[in-house]
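Before we start, here is the structure in question, set down as structure tokens.
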Amino acid sequence: MKPRILMVDDEPDFQKIIHVWLSPEYVHWALKDGAEFADALRAGVPDLVILDLHLPGADGFELCRRLRETPGLEAVPVLFLTGSHETEDYERNFRAGGTAYLMKPVGRRQLLEAIANLLGERLMRQPADVGGGD
């Protein structure tokens, strides 16, 4: 089963590019703002969340805090992918519970490597399946 990636970014063209990059290896769905974030999390637990910082309504920091406060989702990796080059935003990312931070513009290879690393780290933290059967 392909890993599931939820992205929240308010730029439709950027969403399309990322979808093309991720589709071969991942199940990817995107939201334009945080209004549907809670519903999306209830609909299916993502293996990774990609957040922009500057969004209409709740910003990426607030969405990350909400994710961290949701039982069962505390360990989901959060990749901030943003156009902000501010040192303060980079530091706030980790205080909000972010796992990694990339700045736009981002290259395909750089993004895919970051995602693979984050998902690999998460897979190592999960307990091994116990029980019989294949």
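Quickly run through region 1-25 and pick out the residues that are assigned to a loop (DSSP other than H, G, I, E, B), hydrophobic (A, V, I, L, M, F, W, C) and open to solvent by less than 70 Å² (accessible area, probe 1.4 Å). Explain how you work it out, then say what you get.
Taking region 1-25 first, the residues assigned to a loop (DSSP other than H, G, I, E, B) are 1-3, 9-11, 23-25.
Narrowing the set further to residues that are hydrophobic (A, V, I, L, M, F, W, C) leaves 1.
Correct list: empty.
Still on this structure, please answer the following. Would you pick out the residues in region 26-65 that are assigned to a helix (DSSP H, G or I) and open to solvent by less than 30 Å² (accessible area, probe 1.4 Å)? Break it down stepwise before answering.
Let us first name the residues in region 26-65 that are assigned to a helix (DSSP H, G or I), namely 34-43, 60-65.
Of everything in region 26-65, those that are assigned to a helix (DSSP H, G or I) and open to solvent by less than 30 Å² (accessible area, probe 1.4 Å) turn out to be Gly34, Phe37, Ala40, Leu41, Gly60, Phe61, Leu63, Cys64.
Whether any residue in region 66-81 is more than 19 Å from Leu119 (Cβ to Cβ), small (Gly, Ala, Ser) and open to solvent by 30 Å² or more (accessible area, probe 1.4 Å) is what I want to check.
no
Here is a further query. Just a yes or no: is a residue in region 105-121 of a type in the set (D, E, K, R), open to solvent by 10 Å² or more (accessible area, probe 1.4 Å), touching a residue at least 60 places away in the same chain (Cβ under 8 Å) and out of contact with any Asp or Glu (no Cβ under 6 Å at 6 or more places or on another chain)?
To start, the set of residues in region 105-121 that are of a type in the set (D, E, K, R) comprises 108-109, 113, 121.
Among the residues that remain, those that are also open to solvent by 10 Å² or more (accessible area, probe 1.4 Å) are: 108-109, 113, 121.
If we keep only those that are touching a residue at least 60 places away in the same chain (Cβ under 8 Å) as well, we get 108.
If we keep only those that are out of contact with any Asp or Glu (no Cβ under 6 Å at 6 or more places or on another chain) too, we end up with 108.
Yes, region 105-121 contains a residue that is of a type in the set (D, E, K, R), open to solvent by 10 Å² or more (accessible area, probe 1.4 Å), touching a residue at least 60 places away in the same chain (Cβ under 8 Å) and out of contact with any Asp or Glu (no Cβ under 6 Å at 6 or more places or on another chain).
The values are calculated or read from the model by the stated rules, or taken from the named source; none is laboratory data. Computed from a predicted model, the values in this text were never measured in an experiment. Heads up, the Cβs are rebuilt from the backbone with ideal geometry, glycines too, and the neighbour counts pull from every protein chain shown. Side chains included, ligands, DNA and RNA excluded: accessible areas come from the protein's heavy atoms. Shrake-Rupley method; radii C 1.70, N 1.55, O 1.52, S 1.80 Å.
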